[in-house]
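Have a look at the structure below before the remarks.
Each reported figure results from applying straightforward, stated rules to the coordinates on display, with no laboratory input. Please read all numbers here as calculations on a predicted model, not as lab measurements. Cβ: placed from backbone, ideal geometry, glycine included. Neighbour counts: every protein chain shown.
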There are 6 protein chains.
Amino acid sequence: MKSVLAVGAHPDDIELGCAGALAMHKQRGDKVYLLVLTRGEATGSAEVREGECRKSADILGVDGLFFGDLADTKVHDGRETIDAIEKVVGEIKPDVIYAPTCKDTHQDHRNAGHATLSAGRRCKVILMYEGASTQRDFTPQVFVDISDTFDLKMKTTRVFGSQFNNRGVYAVAMKAIEGLAKFRGYQAGVDVAEAFEVGKFLFEI
Amino acid sequence: MKSVLAVGAHPDDIELGCAGALAMHKQRGDKVYLLVLTRGEATGSAEVREGECRKSADILGVDGLFFGDLADTKVHDGRETIDAIEKVVGEIKPDVIYAPTCKDTHQDHRNAGHATLSAGRRCKVILMYEGASTQRDFTPQVFVDISDTFDLKMKTTRVFGSQFNNRGVYAVAMKAIEGLAKFRGYQAGVDVAEAFEVGKFLFEI
Amino acid sequence: MKSVLAVGAHPDDIELGCAGALAMHKQRGDKVYLLVLTRGEATGSAEVREGECRKSADILGVDGLFFGDLADTKVHDGRETIDAIEKVVGEIKPDVIYAPTCKDTHQDHRNAGHATLSAGRRCKVILMYEGASTQRDFTPQVFVDISDTFDLKMKTTRVFGSQFNNRGVYAVAMKAIEGLAKFRGYQAGVDVAEAFEVGKFLFEI
Amino acid sequence: MKSVLAVGAHPDDIELGCAGALAMHKQRGDKVYLLVLTRGEATGSAEVREGECRKSADILGVDGLFFGDLADTKVHDGRETIDAIEKVVGEIKPDVIYAPTCKDTHQDHRNAGHATLSAGRRCKVILMYEGASTQRDFTPQVFVDISDTFDLKMKTTRVFGSQFNNRGVYAVAMKAIEGLAKFRGYQAGVDVAEAFEVGKFLFEI
Amino acid sequence: MKSVLAVGAHPDDIELGCAGALAMHKQRGDKVYLLVLTRGEATGSAEVREGECRKSADILGVDGLFFGDLADTKVHDGRETIDAIEKVVGEIKPDVIYAPTCKDTHQDHRNAGHATLSAGRRCKVILMYEGASTQRDFTPQVFVDISDTFDLKMKTTRVFGSQFNNRGVYAVAMKAIEGLAKFRGYQAGVDVAEAFEVGKFLFEI
Amino acid sequence: MKSVLAVGAHPDDIELGCAGALAMHKQRGDKVYLLVLTRGEATGSAEVREGECRKSADILGVDGLFFGDLADTKVHDGRETIDAIEKVVGEIKPDVIYAPTCKDTHQDHRNAGHATLSAGRRCKVILMYEGASTQRDFTPQVFVDISDTFDLKMKTTRVFGSQFNNRGVYAVAMKAIEGLAKFRGYQAGVDVAEAFEVGKFLFEI
């Protein structure tokens, strides 16, 4: 049984990026924890978004949901963000961490990625997921077959109703998410997949 | 009115990679030519595959279909391949060339890409398309909105019936092609798109 | 007729990087707007530099010149810079944006590039220009033939008289600008060119 | 129990690159097969080198040793090499393949890497190992902790006595191999490791 | 006789990264100066660490040791850091600068690298060294043979006794440093070497 | 006094790429040798082109001019090319080798570069020069100030009169060569420069 941590900058980042893999971890009996660095107050009510986040966490059946209490759109890659992540890392001692790729045009995602690489430097596996604002030079190296958990992933992403009024990024992402899963599956030789860049990867043979 | 050339290593490569963009060129009134370097005899009857190729060319309504008469699975990046492409380039004087990306695990695609960059060195726009064996570090820079021509693209790809018996690559590609178009559309901010790496691009303002 | 926005960190950045392309847009009848994020007060009088900036804008015949009121040498990639750019983007709804490449040793340029990619995420074309402190791994993908507007470009860059006393970067850049235009032209197969990395590029066939 | 294939261009390539990982597979109960594409006749007697190869295979306790019968220093990335690998792949149906990285100044290694990516396109994990002529831009993504098998790895590499008379590459490699293992271990957070670029990696959660 | 500057974010960074090269410069008669941007107070007493730093500087026999007075873990890539470096650059006018690579998961190292590239923009050689948290895509281009100074390098690194109690990074680095030197030597064709990415390099023939 | 070897695929490649640096080596008292792999018979008379080559070698005052006797447009990266280079390397034992960059759309240049990296694997410095068909992702790391030898370089390139009738590449290159030298100078902080990617570089402090 492994301890798994997923880090997101905003509510819904984790779901779009790696909910399928997290559900696989739950299937396998791992402990799964979420750390959401902000409450996403820049594109909605913090309260509403936190609520959606908790609902999604319930659907995934995670073992803990943490908030980092950082300010939306102002996540830096320095001490404060690293501390917020290190605190949770110290508590749950993750074997595997999922975090947003640094190759992202959204500063919060980019900086959350950098900060996780610092905070998780003693963890053996760090996988960086893609999302709505990921850059075109994202080059996935590791794929997870999510054929068994794709429906659950879709269910978690539909929880974020508040974002459908938002002026575009989320609605577009929702529309594309099935295409993305199929394309990543195609690259991996399976039906549907999530794709990750390697932050760190110690392969246990 | 522009002259447009699409180069493929095998029957069906062009369709999977850039049929949507080619159909856009036809809509706009451009002349479109196809050059297929081999008849794909390694995974089917050369005759049958050539026939499928001609049928697809008819659906696209292209202005000319050339065959390069090279040997399937043995396309090199040297003189012989460059000559085959230069001959057609000399004849139709293309303003825009589409060719397979060099970032491909299939040697025929990789070498067709290299040879096109040599043969097309005096052409102003060369765009490199992706396909069934493209590597994960393909980094598209230019996108074409194919919302208006996606159905026609799908129609051309279904012509290659002989490939459905082949042990996998084509069937998988067909299954994924809609997902890929949606994902590339998502990256480009449109419904469905084709994505290209730049070989050369002189932007006419 | 398109709406075009050029973003620069300091007075003279836009001129060195993309004045030739902007003049091509004006020739073609497009609306062209400039957004200069700081007044360059770190290497001269803000007043003098703003004046030079206005003079250059007159020579180019632009349709609007905006200042971002950020502090020279302190441009970050966060909320404040993104807001300054989004404000102008919202007003002029650009079809094409020019911005400094992120591959730059000058923090203001690097961050202006990142912030433009965020602020312009719904725009269809973003091209990143090179300048005096661009890194050696700048890899242009798109070129613009500026044979018709090179003289005008040179004229705009000579307006920045205050920078000739500055201890070097600008004087060196001026000296090299003709060589650069010829080299980029050589790569593009024309006489003189400006070269850009693609931020985003939806190619309208 | 998995089926594992290691591909090398010459006798001793596999040992230097991934003998530690192969020994880990044996410890875990996997079936391990070696495919050596040439007998290394360019730097020694084919007979002697084949003998060393068999001795090393015995030490590792592998389940099968295949020779590809290609000509040393003349390994291409085309049909002939792909066929030699596909034949073995068809026979042992590997779950994991180890092959030389394509980022290598030695043409045999580079081409063996390319050909394995083609031949192994339906395999779920392909890891590319480094060696004596690997280029400086080799960027490992996956590490294997070989603390338990490092001594065995060293033992296999010492078998290649004929290469110590060779004018340098092997002797240097032997000298460096301990340093390399420690450095890769350091990057991975363990004592000694082998490092791999990802050809393909479907991560089984 | 050249003037040489080494920039480090914390006490011990310079020693791990380039003490061998600095000792070569001293052997050759160059003037060598160190600039340590923080006193490393995040992982030990600032006083103790400054003392270790001075002791190491004595062993190397450097011609000057400067402190940048920045806050540990909070080094940014902006004005303040650039100023701290420019001040020393202005004073000693270095011909060669050594600085941490920007490809590092530790924000202080990354930002010290960026700031040095800005501050040293008029210097002819800037070499970026690797360290305990350098990323896997560090691609050294320039190597220095440190066979004659490796023992001295080791001696300087052992001075940092306070760091052995620290929870890991330094102890691991110390353990790996000999392996690293051998591996880099192997890549360079010598016994032991230090490896650098090029910030700038004007080669004096 | 060093031994220096420049490798070119065709007559005129070396002159365009590194004649300025070679002239600097001669000024400094080094021995300079040229190895031209083909006689360029694909774009002119082999006899005429060899003659031009000898004339240019005289102007540079080189210590030896070798021909590789390979077939123009058919230079491969395999045994035959490596042997042709190794033969000269064995004879003159170069300290520094100049060769065409592998990032080139012309197969002869690309393969000459690969083969030199193999043949020169025991040499301490290999610098890869750019030319008329170099790709846009050429990223120079090392620059040579050729202010003192630029006129001589231009003189050598004008010797290749036969190429002015050729349908373009050389004429364009000649026109651009001054712009390129100024741009590379600008990047290096000098008047005119040649720029190189590092094949290998052992820096002698």
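Considering only the other residues whose Cβ falls under 12 Å of the Cβ of B:M24, what net charge follows from Lys and Arg at +1 and Asp and Glu at -1?
Details: positive: B:K2, B:K26, B:R28, B:K153; negative: B:D30, B:D145, B:D148, B:E194, C:E204.
Net of charged neighbours comes to -1.
Looking at the square roots a ≥ b ≥ c of the eigenvalues of the Cα gyration tensor of the protein assembly as shown, which shape do they give, rounded for a/c under 1.5, prolate if a/b is larger than b/c, or oblate?
Rounded.
Given the pairs D:K26/D:K103; A:K31/A:K200; A:K175/C:K124; E:K55/E:K200; B:K87/B:K200, which are separated by over 22 angstrom at their Cα positions? Show your work: numbers first, answer last.
Numbers: D:K26/D:K103 28 Å; A:K31/A:K200 20 Å; A:K175/C:K124 19 Å; E:K55/E:K200 30 Å; B:K87/B:K200 20 Å.
From the list (D:K26/D:K103; A:K31/A:K200; A:K175/C:K124; E:K55/E:K200; B:K87/B:K200), the Cα-Cα distance tops 22 Å for D:K26/D:K103; E:K55/E:K200.
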Counting DSSP beta bridges in the protein assembly as shown, what percent are antiparallel, to the nearest 5?
-> 35 percent
Karplus-derived HN-Hα couplings along region D:174-190 (A = 6.51, B = -1.76, C = 1.60, θ = phi - 60°), whole Hz, x at Gly and Pro | 4, 4, 8, 5, 6, x, 4, 4, 5, 5, 5, x, 4, 5, 8, x, 10
If the label for C:R122 sits 7 angstrom from Cα along the Cα-to-Cβ line, what are its distances to the same label in every other copy, in nm to one decimal, shortest first?
-> 4.6, 4.6, 4.6, 4.8, 6.6
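Considering just Cα atoms, how many Å³ per residue does the convex hull of region A:88-181 enclose?
Details: hull volume 12.5 nm³, N = 94.
Value for region A:88-181: 133 Å³ per residue.
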Output, in nm with one decimal and in ascending order, the distances from the A:K55 label point to the matching label points of the other copies (7 Å from Cα along Cα-to-Cβ).
-> 4.9, 6.1, 6.1, 7.0, 8.2
Could you state the number of Å between the C-alpha centres of region E:75-129 and region B:113-155?
-> 41 Å
Put +1 on the Cβ of every Lys and Arg and -1 on every Asp and Glu Cβ in region F:71-177; which of F:A84, F:V144, F:A171 then has its Cα farthest towards the positive end of the dipole?
-> F:A171
In terms of modelled amide H atoms, which long-range or inter-chain residues lie less than 5 Å from the amide H of A:V32?
-> A:V4, A:D63
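Determine, from the Cβ-Cβ distance of F:A171 and C:R54 and an R0 of 45 Å, the FRET efficiency 1/(1 + (r/R0)^6), rounded to the nearest 0.05.
On the way: r = 42 Å, r/R0 = 0.94.
Calculated value: 0.60.
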Calculated from backbone phi, Karplus (6.51, -1.76, 1.60) coupling profile of region D:124-134 in Hz, x at Gly/Pro = 8, 9, 10, 10, 9, 8, 9, x, 5, 10, 5
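What does the charge add up to near A:A176, with Lys and Arg as +1, Asp and Glu as -1, over the other residues with Cβ less than 10 Å from its Cβ?
Numbers: positive: A:K175, B:K182, B:R184; negative: A:E178, B:D191.
Summing Lys and Arg as +1 and Asp and Glu as -1 gives +1.
Please state the equivalent ellipsoid semi-axes for region F:1-118: what are the square roots of 5 times the Cα gyration tensor eigenvalues, largest first, in whole Å? Kindly include the intermediate steps, with their values, before the conclusion.
Details: eigenvalues 85, 55, 30 Å².
In descending order the semi-axes read 21, 17, 12 Å.
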Amide proton proximity set for A:Y129, modelled H, under 5 Å, gap of 5+ = A:A99, A:T101
Rounded to the nearest 500, what is the 222 nm mean residue ellipticity of chain B from helices alone, with -39500 (n - 2.57) per DSSP H run of 4+ residues and division by all residues?
-> -13500 deg cm²/dmol
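Average partner chain C-beta neighbours within 10 Å, per residue of A:132-140? Please list the in-between numbers first.
Details: counts 2, 3, 1, 5, 14, 5, 4, 7, 4.
Per residue, the number of nearby Cβ atoms from other chains is 5 on average.
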Residue closest to axis [chain C; rotation mapping onto A; Cβ; Å] | C:H76, 5
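Of all DSSP beta bridges in chain E, what percent run antiparallel (nearest 5)?
On the way: 10 of 29 bridges.
Taking every DSSP beta bridge with both residues in chain E, the antiparallel ones total about 35 percent.
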Over region E:67-130, what relative contact order in percent results from Cα pairs under 8 Å that are six or more residues apart?
-> 40 percent
Amide H to amide H under 5 Å from A:A9: which residues, 5+ apart in sequence or cross-chain, H placed 1.01 Å off N in plane?
-> A:L37
Cut-off 14 Å, label 7 Å out along Cα→Cβ of A:D137, residues of region E:124-156 by amide N | E:137-139
The summed charge of the C:K2 Cβ neighbourhood (under 13 Å; Lys/Arg +1, Asp/Glu -1) stands at 0
Label points for A:R28 built 7 Å along Cα→Cβ; distances to same position in the other copies, nm, shortest first, come to 1.1, 4.7, 5.1, 5.1, 5.5
